[in-house]
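See structure below.
Readers should treat all values here as calculations from the given coordinates under stated rules, not as data from a laboratory. Just so you know, these numbers come straight off a predicted model, no measurement behind them. In this analysis, Cβ positions are derived from the backbone assuming ideal geometry, glycine residues included, and neighbour counts consider all displayed protein chains.
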Amino acid sequence: MEKEILGYPIVGTDIDIPNFISKGYAFHVAIGHLMSNDVRRITYMNLKASNAELPVIVSPKAIVSKHAIIHSGTVIHHNAVINAGVIVGENSIINTGAVIEHDTQIGNNCHVSTGAYINGGVRMLDNTFIGSNATIIQNLFIGNNCLIAAGSVVIRDVYDNKTVMGNPAKENLINEKDPYNSRSRRKS
């Protein structure tokens, strides 16, 4: 087993988690959205079921309104902006430079990528991924398990389990089962 990753020591494995919990350690799930958020979501749920402390982590370079509510396990990266009246659910990622405007609700286990803009009054449910530099106009509904592709401009509601892309964003009918087109990235 490796001794460190990116200069950070590896202090144990999943088997050691109960011991760390009993010693009062806090946990941060440092798993991104890898083709889906299942690994991140399941890891978080297992830690929560074990009564692990899962704090909110906010970069000192982020701007978060004192009138926003951020739930456990969420991380807010450098230069992100979260304005008044925003509610962010558990175990979500608000990545570098993302902007979430007033009165928006972000569900649990969501990932808002770098430079994405979510305008005011948007209601986004659980397990949704917003790609880099995507824009969602005000007062829209984004359902559970959606994927908004990078650079998309969303001007209509997006319902559960949909992948949308483009400007304006339209449902991806070509490759619904593999929205990331992972086969094209595999070596022959």
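Packing order of peptides 47-59, 98-110, 154-166, 3-15, highest average first: 98-110, 154-166, 47-59, 3-15 (average count of other Cβ atoms within 10 Å over each peptide's residues). Between helix 38-49 and the chain there is an angle of about 50 degrees, using the helix long axis and the longest principal axis of the Cα atoms. The charge dipole of the stretch 67-183, taken about its Cα centre with unit charges on the Cβ of Lys, Arg, Asp and Glu (plus for the first two, minus for the last two), comes to roughly 220 debye. Net charge around Tyr25, counting only other residues with Cβ within less than 11 Å of its Cβ (Lys, Arg = +1; Asp, Glu = -1)? Net local charge, Tyr25 excluded: -1.
Rounded, prolate or oblate: which fits the stretch 44-141, taking a ≥ b ≥ c as square roots of the Cα gyration tensor eigenvalues, rounded meaning a/c under 1.5, else prolate when a/b beats b/c? Here the stretch 44-141 falls in the prolate category. Summing Lys and Arg as +1 and Asp and Glu as -1 over all other residues whose Cβ lies under 15 Å from the Cβ of Asn95 gives a net charge of +2. Distances between placed amide hydrogens fall under 5 Å for Val154 paired with Thr135, Ile136, Ile137, Ala169, all partners being 5 or more residues away or on another chain.
Calculated mean residue ellipticity, 222 nm, the chain: -2500 deg cm²/dmol, from DSSP H runs (n ≥ 4) at -39500 (n - 2.57) each, averaged per residue and rounded to 500.
Once you order the gyration tensor axes a ≥ b ≥ c over the Cα atoms, which shape class does the stretch 92-169 get: rounded for a/c under 1.5, otherwise prolate or oblate by comparing a/b with b/c? Before the final figure, lay out the partial values.
On the way: a/c = 1.13, a/b = 1.04, b/c = 1.08.
Rounded, because the longest to shortest axis ratio a/c is under 1.5.
Bridge orientation summary for the stretch 1-111: considering DSSP beta bridges with both residues in this region, about 20 percent are antiparallel.
Looking at the square roots a ≥ b ≥ c of the eigenvalues of the Cα gyration tensor of the chain, which shape do they give, rounded for a/c under 1.5, prolate if a/b is larger than b/c, or oblate? It would help to have the intermediate numbers written out before the result.
Details: a/c = 1.99, a/b = 1.33, b/c = 1.49.
Taking the square roots of the gyration eigenvalues as a ≥ b ≥ c, the chain is oblate.
Considering only DSSP beta bridges where both residues belong to the chain, give the percentage that are antiparallel (nearest 5). Display every interim value, and only then the final one.
On the way: 5 of 37 bridges.
Roughly 15 percent of the DSSP beta bridges within the chain come out antiparallel.
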